Amino acid sequence: MKFPLLARMKTGFAAALAALFMLPVLALAQTNPTTSAKPAAPANVGVAKAELQPPTANDSGVVRMPDGRLVAPEIARIIARGELIVAVMSRDTVPFVYEVNGKLVGVDIELAQQISDELKVPIRFDRSAKTYDEVVELVAMGRADLGVSKLARTLKRAKYVLFSDPYMRLEHSLLINRLAFASVARDQSVAQAVRNFNGKISVLAGSAWEEFARRNFIKATIVPYPTWATAVEAVKKGEVVAAYRDAIEVRTIMQSDPTLALTLRTVSFSDLESILCVMVGPRDFVLQSFVNEIIANQPEKLTVNGLLKRMK
């Protein structure tokens, strides 16, 4: 079932982004950011650093590289270091970031690899982050150039990183325990009960869904769980009335076991979207534009149905 939430649930996201553009241009870094190594890392995590001559900067901040190229300071930083560092989640997030035969693959990995190829430097993935928020924090603190892992833009994250243009949009969905929901809804319609929802909702801790839930279900009790699997299990057991995440994750649960339709149901919202972006450092405006150009020239737009087919 799909229906819009009340207009009061909308937020002025553009205003939060505007403040970021008052930050000064980043000076050229002369040292490498430190990253945490993960034991038994996939084959494409970690590469040898190239040896390049130091670039020179002019008064405008634009840098001329030894080969004659003119680049912005953040691009020069990456080239001088000899690698692009991309932060990703330590846990697999199929089909965006996951490991196959010791190698990282997925939609986000392919996008990161395109960026690396266009910069003409090797790529290194930092998988030290335990949560989605930690991936974003690595970028904010300068320990990674970019962050990917099915990351959504939020007001919280807008305070300390830049977002690329969206490369995919996912509808918000609820996975609902039928019996528990009936006790909350009483004589209300499904639409009314969802709008006035005051039960317990499980979300994935350290993800954008904590913010989304508190903003869109102001009367509900939000219960963070360490993994999506435990959040879903809480719904099945009736510990919470519903779990809140995107359409891919909710549909995948229902498709994994058709018998769940007897005890669970789904509700999707046509006017609420999780907008997926690449996370960029707070002063790396040219790098942000570079990533945007790569996204704009993608030959095929990502869709929920296309990703679900890819997961089979």
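Of the residues making up region 125-149, those that are surrounded by fewer than 23 Cβ atoms within 10 Å (Cβ to Cβ) and among the charged types (D, E, K, R) are K130, D133, E134, E137, R143. The lone criterion from (1) at pLDDT 95 or above; (2) surrounded by fewer than 18 Cβ atoms within 10 Å (Cβ to Cβ); (3) over 19 Å from the mean Cα position of the chain (by Cα) left unmet by M254 is number (1). Residues of region 280-312 that are assigned to a loop (DSSP other than H, G, I, E, B) and under 20 Å from V136 (Cβ atoms): G281, P282, R283, D284. Screening A229 against (1) touching a Phe, Trp or Tyr at 6+ places or on another chain (Cβ under 8 Å); (2) modelled with pLDDT of 95 or more leaves a single unmet condition, (1).
Whenever a residue of region 252-267 is within 17 Å of V240 (Cα to Cα), it has no partner that is modelled with pLDDT of 95 or more and aromatic (F, W, Y) lying with C-beta atoms less than 7 angstrom away and at least six residues away or across chains.
Out of the residues in region 67-100 that are of a type in the set (D, E) and closer than 16 Å to E118 by Cβ, which is surrounded by the fewest Cβ atoms within 10 Å (Cβ to Cβ)?
D67
Restricting attention to region 120-149 and to residues that are closer than 22 Å to R245 by Cβ and in a helix (DSSP H, G or I), the residue that is nearest to the chain's Cα centre (by Cα) turns out to be Y132.
In summary, helices (runs of 4 or more DSSP H) completely within region 150-243 and bearing 1 or more residues that are surrounded by 14 or more Cβ atoms within 10 Å (Cβ to Cβ), without any contact (Cβ under 8 Å) to a residue 12 or more places away in the chain and outside the structural domain of A87 (by TED's automatic domain parsing) occur at 178-185, 228-237.
Any chance region 244-251 includes a residue that's in a helix (DSSP H, G or I), basic (K, R), more than 19 Å from Y98 (Cβ to Cβ) and in the same structural domain as R186 (by TED's automatic domain parsing)? Scanning region 244-251 turns up no residue that is in a helix (DSSP H, G or I), basic (K, R), more than 19 Å from Y98 (Cβ to Cβ) and in the same structural domain as R186 (by TED's automatic domain parsing).
The values are calculated or read from the model by the stated rules, or taken from the named source; none is laboratory data. All values derive from a computational prediction rather than experimental measurement. Note that we place each Cβ from the backbone using ideal geometry, even for glycine, and neighbour counts take in every protein chain shown.
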